[in-house]
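Peer 1: Handing you this structure, nothing more for now.
The values are calculated or read from the model by the stated rules, or taken from the named source; none is laboratory data. Owing to the predicted nature of the structure, the values given are computational and were not obtained by experimental measurement. FYI the Cβ positions are ideal-geometry reconstructions off the backbone, even for glycines, and counts take in every protein chain you see. What goes into the accessible areas is simple: the full protein's heavy atoms, side chains included, and nothing from ligands, DNA or RNA. Shrake-Rupley method; radii C 1.70, N 1.55, O 1.52, S 1.80 Å.
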Amino acid sequence: KQGEGQFWAAVPNPDEKDAAKAQSCTELPFWVENGEVPDVENAISPQILSKLAYARIRVPDTRVEMNPAGRQTVNLPTWVWLDEGRYKRLSVRASVDLGAGREIWARTTVEPEALKLDPGTEEARLHPGSGECGVKDDGSIGTRYVKGSGKKAPPCGVTYLRASRGGGSYTLRSTLTWRASWEGSGGAGVDDLPNGEFGGRQDVTVQEIQAIN
């Protein structure tokens, strides 16, 4: 029967932390004709492939762009945004060849959904007030600073109300939520994959400028 099919066998998932669960698949090797999908419990499926693909996606570390880029000033809005070229839709495709021109496949996709800001102090004002910056129609989060917009309230950012003490700094925490979805050889995914949240920290020094009238 060479070329007419292939043997399938049970293979534990090496990433499964539950040892008992990983060893629960004990099906003996069995023959499957080319182009056929095995009708066996726990046999590979688009749903399983979607999760394997999900586990292989690597998103970049969360680090926001800011203006001013260095030292911040009390009561002067800090504009915050994400680099559009770095934070974009990512996909991984996984497949199994069934022979006879058929395959089982799934493509898992993640894309930025929202950015949550925590200024690191209660003496600050968030923009918007919730501190959550959503995705705009063009897929970007936040707005790049444009010269002359210094005193305007940014669509995404923070205004510090007190200088950081003793030459120290505040820790600005930014958490980016990535929304996950998938499609496969059986159509669009029906069981949801969990969204991922990845945070980053940046030290922000805030100064106070004294004005003389």
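Peer 1: Could you run through the range 121-135 and say how many residues are open to solvent by less than 50 Å² (accessible area, probe 1.4 Å) and either acidic (Asp, Glu) or part of a strand (DSSP E or B) (or both)?
Peer 2: 5
Peer 1: Could you tell me how many of the residues in the range 88-120 are touching a Ser or Thr at 6+ places or on another chain (Cβ under 8 Å) and either under 30 Å from ALA163 (Cα atoms) or part of a loop (DSSP other than H, G, I, E, B) (or both)?
Peer 2: Qualifying residue count, the range 88-120: 7.
Peer 1: Residue by residue through the range 136-166, note down the ones that are crowded, with 18+ Cβ neighbours inside 10 Å, among the aliphatic types (A, V, I, L, M) and farther than 14 Å from LEU76 by Cα.
Peer 2: Matches in the range 136-166: ILE141 only.
Peer 1: Turning to a different aspect of this structure: Which of the residues spanning the range 119-135 are more than 19 Å from ASP83 (Cα to Cα) and either in contact with a strand residue (DSSP E or B) (Cβ under 8 Å, 6 or more places away or on another chain) or among the small types (Gly, Ala, Ser) (or both)?
Peer 2: Passing the criteria: PRO119, GLY120, THR121, GLU123, ALA124, ARG125, LEU126, GLY129, SER130.
Peer 1: What pairs come out if I take residues in the range 146-163 that are closer than 18 Å to LEU115 by Cβ and pair them with residues that are open to solvent by 70 Å² or more (accessible area, probe 1.4 Å) and in a loop (DSSP other than H, G, I, E, B) whose C-beta lies under 7 Å away, six or more apart or interchain?
Peer 2: Every condition considered, the pairs that remain are THR159/ASN75.
Peer 1: Oh, and also: Of the numbered conditions (1) open to solvent by 40 Å² or more (accessible area, probe 1.4 Å); (2) at pLDDT 95 or above; (3) in a loop (DSSP other than H, G, I, E, B), PRO12 satisfies every one except a single condition; which is it?
Peer 2: Of (1) open to solvent by 40 Å² or more (accessible area, probe 1.4 Å); (2) at pLDDT 95 or above; (3) in a loop (DSSP other than H, G, I, E, B), only one is false for PRO12: (2).
Peer 1: Also, I was wondering about something else. When you go through ALA53, ALA100, ALA69, ALA114 one by one, which is the residue that is open to solvent by 50 Å² or more (accessible area, probe 1.4 Å) and in contact with a strand residue (DSSP E or B) (Cβ under 9 Å, 6 or more places away or on another chain)?
Peer 2: ALA100
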